[in-house]
Amino acid sequence: MTDPDAIDAVFETVATTAGDVREALADRRAYHEAENPSGEQQLAADVYADELLEDRLLALDAVESYASEERESVVYSDGGDYHVACDPLDGSSNLESNNAMGTIVGVYDEPLPAPGDALVAAGYVLYGPIVTMVTAVDGTVTEYLLHDGEREVLTEDVTLPEEPTVYGVGGRVPDWPADVRRFVDEIEADRLKLRYGGAMVGDVNQVVAYGGIFAYPMLVDRPEGKLRLQFEGHPIAHVVATAGGAASDGTTPLLEKTPDELHERTPVFVGSEPLIGRLEASLA
């Protein structure tokens, strides 16, 4: 049984922290010497956002553990029923060019690494021209405006539009498998508009707003994909599926996957259900 007050406390904490993260970005653009567990160089902003979220989420009575893309292993508190997985600053490489970034959050009721069906809520913050939060809780997707740590409802019961409009696909085109390239050619022929900004949160939010598909596919030299299942794939899949869309790794629904290890990667395809169906047929 999901505890709605506990879930609300998690997102209230994320909303408050998002304001502090946004304020700190200008002074934390430098790279650290350290890399994250996936071998990517960390910005000072990555580390700062991760440490804030860890401290504040583990301070909640309902949260037993915290894990993120920026740390090797799970951190535990003294109690609680929920386990939170975060990408603290998705798209942080966009900081230098002052483009969109975000924070991704998944709330699980099983210890991490956990299967997709253990997600009880998920959401993301988008640091764009304004700061917004989108959450999927109890079968409903809600969009909020964040201002001074407060949440104001912008859109209730968010659903993907029936007519898809946009698409974005990560990775270098020469590195896409041939069947992915064919699929992209097909949807371009349908006159979908290319929208790809290098931050998953920003690109997915375009899909939620306009309908379409976002993908970071398997690559010729990286068949396992680039994005992390626990921190990015599962939470975004939960949001998109709750909004009436679908999510897949190309053959299997993302929410049916269970990671064998915390930082496991996966191909990701999320968006309008008919397009995900066509994608899976193209890759079959």
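The values are calculated or read from the model by the stated rules, or taken from the named source; none is laboratory data. Computed from a predicted model, the values in this text were never measured in an experiment. Because the Cβ atoms are built from the backbone with ideal geometry, glycine has one as well, and the counts that use them run over all protein chains shown. Note: accessible area is taken over every heavy atom of the protein model, side chains too, but ligands, DNA and RNA are not part of it. Shrake-Rupley method; radii C 1.70, N 1.55, O 1.52, S 1.80 Å.
Laid out as a table, the results:
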| quantity | calculated |
| --- | --- |
| Some residue of region 34-53 being small (Gly, Ala, Ser), in contact (Cβ under 8 Å) with a residue 60 or more places away in the chain and farther than 24 Å from LEU255 by Cβ | no |
| Which numbered condition ARG228 fails, given (1) under 18 Å from GLU162 (Cβ atoms); (2) among the basic types (Lys, Arg); (3) open to solvent by less than 10 Å² (accessible area, probe 1.4 Å) | (1) |
| Members of region 62-108 found to be farther than 20 Å from GLY233 by Cα, in contact with a Phe, Trp or Tyr (Cβ under 6 Å, 6 or more places away or on another chain) and small (Gly, Ala, Ser), listed by number | ALA62 |
| Flag for VAL239 being in contact (Cβ under 8 Å) with a residue 24 or more places away in the chain, touching a Leu at 6+ places or on another chain (Cβ under 7 Å), hydrophobic (A, V, I, L, M, F, W, C) and under 25 Å from GLY128 (Cβ atoms) | no |
| Residue in region 11-33 that is open to solvent by less than 10 Å² (accessible area, probe 1.4 Å) and touching a Cys at 6+ places or on another chain (Cβ under 8 Å) present | no |
| Within region 238-275, considering residues that are farther than 29 Å from GLU40 by Cα and in contact with a Ser or Thr (Cβ under 9 Å, 6 or more places away or on another chain), the one surrounded by the most Cβ atoms within 10 Å (Cβ to Cβ) | GLY245 |
| Cross-chain or 6+ apart pairs with Cβ under 7 Å, region 91-111 first and over 20 Å from ASP50 (Cβ atoms), then part of a loop (DSSP other than H, G, I, E, B) and open to solvent by 10 Å² or more (accessible area, probe 1.4 Å) | ASN99/GLY197; ASN99/GLY198; ASP109/ASP81 |
| Test: residue in region 190-198 that is outside any helix (DSSP H, G or I), of a type in the set (Phe, Trp, Tyr) and on the phi < 0 side of the Ramachandran plot | yes |
| Pairs where the first residue, in region 165-176, is within 11 Å of ASP221 (Cα to Cα) and the second is exposed (fewer than 13 other Cβ atoms within 10 Å of the Cβ), C-beta under 9 Å, 6+ apart | ASP175/ASP221 |
| Conditions (1) buried (at least 20 other Cβ atoms within 10 Å of the Cβ); (2) small (Gly, Ala, Ser); (3) closer than 24 Å to SER92 by Cβ: number failed by GLY149 | (1) |
| Per-region count, region 254-278, residues touching a residue at least 60 places away in the same chain (Cβ under 8 Å) and out of contact with any Gly (no Cβ under 8 Å at 6 or more places or on another chain) | 8 |
| In region 42-73, the residues that are part of a loop (DSSP other than H, G, I, E, B) and of a type in the set (Gly, Ala, Ser) | ALA59, ALA62, SER73 |
| Residue list for region 191-221, filter: over 21 Å from ILE130 (Cα atoms), open to solvent by 10 Å² or more (accessible area, probe 1.4 Å) and touching a residue at least 12 places away in the same chain (Cβ under 8 Å) | LEU192, LYS193, LEU194, TYR216, MET218, LEU219, VAL220, ASP221 |
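Residue-by-condition table, conditions (1) of a type in the set (Lys, Arg); (2) touching a helix residue (DSSP H, G or I) at 6+ places or on another chain (Cβ under 7 Å):
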residue: ARG151; (1), (2): yes, yes
residue: LEU154; (1), (2): no, no
residue: PRO161; (1), (2): no, yes
residue: TYR167; (1), (2): no, yes
residue: PRO177; (1), (2): no, no
residue: VAL204; (1), (2): no, yes
residue: ALA209; (1), (2): no, no
